[in-house]
Amino acid sequence: MDADTKAVWLDENHITAVLEARGIEDTGLVTETLAKAEELRGLSMEDAAALLAVRDPELRERIFLAAARVKERIYGKRVVLFAPLYFSSLCSNECLYCAFRRRNNAVRRRALSMQEIDAETRILLRQGHKRLLLVAGEAYPGSGIDYVLETIDTVYAARENGASIRRVNVNLAPLSVEDFRRLGERHIGTFQLFQETYHRPTYAEVHLAGPKRDFDWRASSFDRAMLAGIDDVGMGLLYGLYDWRFETLAMLSHIAHLEERFGVGCHTISVPRMEPAAGSDMALRPPHPLGDDDFLLLVAVLRLAVPYTGIILSTRESAPLRQRALELGVSQISAGSRTSPGGYAEAADENDDNTDFDAAQFRRGDCRGLEEVVADLAERGYIPSFCTGCYRKGRTGKDFMDLARPGLIRRKCTPNALSTFEEYLLDYASPATRAVGENAIARCLEDMDDDVRQTSDRLLLKVRDGQRDVYC
Ligand code: SAM
Ligand code: SF4
């Protein structure tokens, strides 16, 4: 079998056997596993299974504390912010959980023109965003993949008061090696793709028509992306479709496969849970719902299992849950999002409450605008980051991981987070948010090692002097 088109690494029987062997809560094993995790070298599938088996609230609390410590040691107070930009809801697939599925008449559909994409981008620039995630259904109008490539060019070319988007990530359907190569030439940041479920029978049951029915073509996407030179990939799956413990172990085995074959796993992991979507009965009643407590355990275990991998949480989740997940391991969140094409231009105000549900992919749990999220984070001592430094300095893939392990994230990311946050405060924030933000920056500087502090002071001075887009 060919690993470029088949998920040769996925061994369902082995995953099931590991879950059975490690299915009974074992305090001694958990203690041993947590000690290993705190050395920041990650966890095997067996180790992760031992932690995922924990049901006792006190033992879970020990996992949460370990995850919070690992999170703090690697990432400090930095939280990366981004916004999704949905540019088309046309789709040829029939995914039962999604509002964009082909046969759904309950949703208003559109593919944005380049002018509209420019307008959406400029709205996000006016809010202060610097990192966007492009999202679309799988049926591109007219020229197919060329439409996607043109969209990326349009987003990068958009200007608003001299500001531009500095990093475009994409969440798109699988491509051939040749099309991945063309995508890579557009200087994307991360190529994201969620497997939805690693359980083949469930996958077949919920994907009824269209190219997405091919499980293996999807599960081998990152192999083709990496062969095409895209070394920055983002994994994920849709929690709610099948047993969350099985899915999580399968995703870890997917990461292990990439590490073994290409020397680098994934740059980020997304953890979406199924949300209500117009015209989807399944999304209202997920077959395997994942409750909040288990969801938080899952985030904590991922943080311990792959400590240097970014964990992304979207506005699917409510503000209080996002807050707790940030403590336990999430390192990137979206803010002020719309999940309908043209949704930013249509929104009457930044905080409106799912008024676009009839055109959106799913219901949002956190409808706050970017500034409200920024102020809230800063009040809690976090440093909202709009940094795009690593990608623009070419620190991606294996280079990033090699540098991340000896402490890159703190030495580079913290100064870059502070300089981009300062830019945001000076250029976009109200006086009240600015005051809260400056306070958070001052507190963060107090806690720093001397060399990181010097780099941070130097970058902050440049920004306060009027320079923009400074990073190390
Ligand atoms: N159409 C492409 C695909 O399916 O890979 C890319 C974009 S798709 C709009 C992005 C992701 O949205 C999907 O991979 C799926 O995990 C997620 N999604 C779909 N329906 C959802 C729902 N009801 N709740 C939460 N997430 C959902
Ligand atoms: Fe289309 Fe993606 Fe939605 Fe499936 S999840 S219906 S492929 S947009």
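The values are calculated or read from the model by the stated rules, or taken from the named source; none is laboratory data. All of these numbers come straight from a predicted model, not from anything done at the bench. Positions of Cβ are backbone-derived with ideal geometry, glycine not excepted, and every protein chain shown enters the neighbour counts. Heavy atoms of the whole protein, side chains included, go into the accessibility calculation; ligands, DNA and RNA do not. Shrake-Rupley method; radii C 1.70, N 1.55, O 1.52, S 1.80 Å.
Using 0.36 nm per residue of separation minus the Cα-Cα distance, give me the extension gain between ARG200 and ALA157 in nm, one decimal.
Full-extension gain reported as 11.4 nm.
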Cross-link pairs LYS36/LYS212; LYS393/LYS462; LYS77/LYS462; LYS36/LYS77; LYS6/LYS77 - those with Cα-Cα distance over 30 Å: LYS36/LYS212; LYS6/LYS77
Within straight-line cross-link reach of LYS412, aspartates and glutamates at Cα separation under 16 Å, skipping those fewer than 8 residues along the same chain: GLU72, ASP399, ASP402, GLU422, ASP447, ASP449, ASP450, ASP451, ASP457, ASP469
Segment 1-90: C-alpha gyration tensor shape, a/c 1.5 cut-off, then a/b vs b/c: oblate
Rounded to 5, percent antiparallel among DSSP beta bridges of the chain: 10 percent
Computed lengthening from ASP293 to ASP4, 0.36 nm per intervening residue step minus Cα-Cα distance: 100.4 nm
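Sort 183-191, 294-302 for me by packing, meaning the mean count of neighbouring Cβ atoms within 10 Å per residue, highest on top.
Values: 183-191: 19.1, 294-302: 23.1.
Top to bottom by mean Cβ count within 10 Å: 294-302, 183-191.
Taking only DSSP H segments of four or more residues, each worth -39500 (n - 2.57), what value at 222 nm results for the chain once the sum is divided by all its residues, to the nearest 500 deg cm²/dmol?
-14000 deg cm²/dmol
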For segment 281-335: rounded, prolate or oblate by the Cα gyration tensor [a/c cutoff 1.5]: prolate
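Looking at segment 1-102, which GluC sites (Glu not before Pro) are in a loop (DSSP not H, G, I, E or B) and have at most 11 other Cβ atoms within 10 Å?
When the GluC sites (Glu not before Pro) of segment 1-102 are filtered for loop state and at most 11 Cβ neighbours within 10 Å, GLU39 remain.
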Euclidean distance of C-alpha centroids, segment 245-320 and segment 167-242, integer Å: 15 Å
Unmatched cysteines, the chain - criterion: no other Cβ of a Cys under 4.7 angstrom: CYS91, CYS266, CYS367, CYS387, CYS390, CYS413, CYS444, CYS472
Gyration tensor verdict on segment 398-464 (Cα atoms; rounded if a/c is under 1.5, prolate if a/b is larger than b/c, oblate otherwise): prolate
Portion, in percent, of the accessible area of the chain that falls on carbon or sulfur, probe 1.4 Å: 48 percent
Surface accessible to a 1.4 Å probe, per residue, for the residues of the chain, Å²: 37 Å²
Segment 382-417 versus segment 429-472: alpha-carbon centroid distance in Å: 16 Å
Using θ = phi - 60° and Karplus 6.51 cos²θ - 1.76 cosθ + 1.60, couplings along segment 135-152 (whole Hz; Gly, Pro as x): 9, 8, x, 9, 6, 8, x, x, 8, x, 4, 4, 4, 5, 5, 5, 4, 4
Kirkwood Rh (inverse of mean 1/r, distinct Cα pairs), the chain, angstrom: 22.5 Å
Chain lengthening between ARG69 and GLU32 when straightened (0.36 nm per residue, less Cα-Cα): 11.7 nm
Estimated inter-spin distance, ALA319 and ASN105, nm [label 7 Å along Cα→Cβ]: 3.9 nm
Residue-count net charge about CYS390 - beta-carbon cut-off 11 Å; Lys, Arg +1, Asp, Glu -1: +3
